[in-house]
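What follows is a set of notes on a single structure, which appears directly below.
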């Protein structure tokens, strides 16, 4: 990377960020004679299904040539399958089943199981492990991780998605927490605000771990449709499970049809957009959050094509002041979210903006802001204040660090001249 860019700042941040997950957050071992990898988020000693999959994703490109790395990634896939079977509604898990839940989750009113760190139901928690497993298979050609445990986990994911369509009942999941923060809990006895059955999958929480206002969370439903397609491919090719493949294909089509019918809105200024959340009664939430999946990140997650006209209009909305969580200040501009609050920009949104951009000028703007908002640490953070980058949250946040490395590798592949000529000022 030093030879690929003339920027001392970029190369230094890359050197810090790209290996951060491997250097500090992975704990490889074995389970029943197979690779097993526990992955923490950084400064929180728990394994989020979403974060752990996203943290190791940038290393996939090296897995075919690196046996040890391949085994480590296989270990993540295998552990995630076991965790899904432990509780498909949980978002985070402890290292062992004998450890207590996270301190803020101990008193939660939900069906807590041993080994669960936090039990916030988020659709994307079941999408990211499939993305990683499918990506590892496609990259290396190895189906070693696809044993009967993984097969059972895939079927559990499909069953959980079905339960949360809530066609005949509210389903088994409920969650309440005593907290002064309203987005830390779910209303109406823990089942969330009313939702009309439309074919959409209901999500209790967003990838930010904030509760959904309307349970029809559109970015995650689009992600779920792609996830079902990937399960169908693996079921057909690896397991020769035609019934599961057929069900997944039909389910994916149903979810996409529900999004088309209920998740697309007409904005007076931006035109036809994807909504952020809907309830099936006609109520719609128009916003975006920096966490992925969100509206901005749909193209990065390969949920929609980057050149799709509706996505481009939605992206323009998300990156405008018409999005209530888009902030502009002395330190930069970008998307935040309710999780940290007003005026805090997430570097993740800058990384997603650059990765989904076809404009050199826009990418350069994002890179400059990323370089000037590390507060001298040369690491990515969770969020920084729009007017003061020294006011930031989470000094050790491996997901964002990995995304920075992924962005620079993408630019090296696709826009080498931009990377070579980049200067902070």
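The values are calculated or read from the model by the stated rules, or taken from the named source; none is laboratory data. Please read all numbers here as calculations on a predicted model, not as lab measurements. Using ideal geometry, Cβ is built from the backbone for each residue, glycine included, and neighbour counts are taken over all protein chains shown.
Looking at the stretch 122-159 only, could you name the residues that are closer than 17 Å to residue 254 by Cα and over 18 Å from the mean Cα position of the chain (by Cα)?
Correct list: 158, 159.
Any idea how many residues of the stretch 340-368 are over 23 Å from residue 210 (Cα atoms), in contact (Cβ under 8 Å) with a residue 40 or more places away in the chain and not in a helix (DSSP H, G or I)?
2
From the list 304, 278, 259, which residue is surrounded by 24 or more Cβ atoms within 10 Å (Cβ to Cβ), modelled with pLDDT of 95 or more and touching a helix residue (DSSP H, G or I) at 6+ places or on another chain (Cβ under 7 Å)?
Answer to the check: 278.
Among the residues of the stretch 378-425, which ones are loosely packed, with under 14 Cβ neighbours inside 10 Å, in contact with a helix residue (DSSP H, G or I) (Cβ under 9 Å, 6 or more places away or on another chain) and closer than 16 Å to residue 345 by Cβ?
None; the set is empty.
For residue 248, which of the numbered conditions (1) closer than 28 Å to residue 319 by Cβ; (2) in contact (Cβ under 8 Å) with a residue 40 or more places away in the chain fails to hold?
(1)
Got at least one residue in the stretch 284-300 being farther than 30 Å from residue 381 by Cα and assigned by TED's automatic domain parsing to the domain that holds residue 216?
Yes, because at least one residue in the stretch 284-300 is farther than 30 Å from residue 381 by Cα and assigned by TED's automatic domain parsing to the domain that holds residue 216.
Report yes if residue 44 is surrounded by fewer than 21 Cβ atoms within 10 Å (Cβ to Cβ), under 21 Å from residue 207 (Cα atoms) and in the same structural domain as residue 75 (by TED's automatic domain parsing), otherwise no.
yes
Output the residue which, of all residues in the stretch 307-328 that are surrounded by fewer than 18 Cβ atoms within 10 Å (Cβ to Cβ) and within 15 Å of residue 290 (Cβ to Cβ), is farthest from the chain's Cα centre (by Cα).
Taking the candidates together, the pick is 328.
Please go through (1) outside the structural domain of residue 43 (by TED's automatic domain parsing); (2) in contact with a helix residue (DSSP H, G or I) (Cβ under 6 Å, 6 or more places away or on another chain); (3) assigned to a loop (DSSP other than H, G, I, E, B) for residue 337 and return the number of the only condition it doesn't satisfy.
(2)
Considering 110, 5, 37, which residue is assigned by TED's automatic domain parsing to the domain that holds residue 410 and more than 18 Å from the chain's Cα centre (by Cα)?
5
Considering (1) surrounded by fewer than 16 Cβ atoms within 10 Å (Cβ to Cβ); (2) outside any helix (DSSP H, G or I); (3) touching a residue at least 24 places away in the same chain (Cβ under 8 Å), say which one residue 97 fails and leave the rest.
Single failed check for residue 97: (3).
When the residues of the stretch 154-201 are narrowed to those that are touching a helix residue (DSSP H, G or I) at 6+ places or on another chain (Cβ under 7 Å) and in a helix (DSSP H, G or I), which ends up nearest to residue 134 (Cα to Cα)?
That would be 154.
Looking at 138, 67, 109, which is the one that is surrounded by fewer than 17 Cβ atoms within 10 Å (Cβ to Cβ), closer than 22 Å to residue 202 by Cα and at pLDDT 95 or above?
Checking each option against the conditions leaves just 109.
In the stretch 369-380, is there at least one residue being modelled with pLDDT of 95 or more, assigned to a loop (DSSP other than H, G, I, E, B) and under 15 Å from the mean Cα position of the chain (by Cα)?
Scanning the stretch 369-380, I find no residue that is modelled with pLDDT of 95 or more, assigned to a loop (DSSP other than H, G, I, E, B) and under 15 Å from the mean Cα position of the chain (by Cα), so the answer is no.
Just the residues that are within 19 Å of the chain's Cα centre (by Cα) and either surrounded by fewer than 23 Cβ atoms within 10 Å (Cβ to Cβ) or without any contact (Cβ under 8 Å) to a residue 40 or more places away in the chain (or both), please, taken from the stretch 281-300.
Within the stretch 281-300, 287, 299, 300 meet the criteria.
List the helices (runs of 4 or more DSSP H) that sit entirely inside the stretch 1-60 and contain at least 1 residues that are under 16 Å from residue 351 (Cβ atoms), at pLDDT below 95 and in contact with a strand residue (DSSP E or B) (Cβ under 8 Å, 6 or more places away or on another chain).
So the answer is none; nothing clears 1.
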